[in-house]
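Below you'll find the structure, written out as C-alpha cells, and then a few comments.
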Amino acid sequence: MRKRVDTSNERSLHHLRGPATRRLLALDERQELTTAHVRLLSTCMGISERTLWRWVRAGHEEGRAWRNG
C-alpha cells in the first residue's frame with residue numbers, strides 16, 4: 001500500500017511566498033528590513049531564514065515578487 005503524501009503545507013507555502021516576498025522587498029526598499037523581520041517570518045512560515053533571504057535577493061534580481069497561483 002502506497003503512503004499518501006500530504007502536500008497541504010507545500011501548497012500553503014506556495015501561496016504565502018508572494019505576499020511574504022513583497023512585504024520583505026517593501027521593507028528593504030525603505031531600508032527598514034532587519035534580520036528580526038526575516039527571523040520572525042521564517043519561524044511563522046516554518047522555513048529557514050536563508051530561504052527568505054534568497055527570495056529577497058531573487059525579487060531584486062528578477063524585479064518581481066511571486067504571484068499566487
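None of the figures in this text is laboratory data; all of them are computed from the coordinates on show. Small disclaimer: the values here were computed from a predicted structure and weren't measured. Quick reminder, even Gly has a Cβ in these numbers, built from the backbone with ideal geometry, and neighbours come from all protein chains shown.
Explain nothing, just the number: dipole magnitude of the stretch 9-62 about its Cα centre with +1 on each Lys and Arg Cβ and -1 on each Asp and Glu Cβ, in debye rounded to the nearest 20.
It comes to approximately 140 debye.
For Thr21, Thr51, what ranking results if the residue with the fewest other Cβ atoms within 10 Å of its Cβ goes first?
Going from sparsest to densest Cβ surroundings: Thr51, Thr21.
Pairs of alpha-carbon atoms within less than 8 angstrom and 6+ residues apart define the contacts here; what relative contact order does the stretch 9-62 have, in percent?
In percent, rounded to a whole number, it is 39.
Please report, in whole Å, how far the alpha carbons of the stretch 9-62 spread along each principal axis, starting with the longest.
Taking the Cα atoms of the stretch 9-62, the three principal extents are 31, 24, 16 Å.
Hey, can you grab everything whose amide H is under 5 Å from the amide H of Leu33? Only 5+ residues off in sequence or another chain; H modelled, so Pro and N-termini drop out.
Answer set, sorted by chain and number: Asp28.
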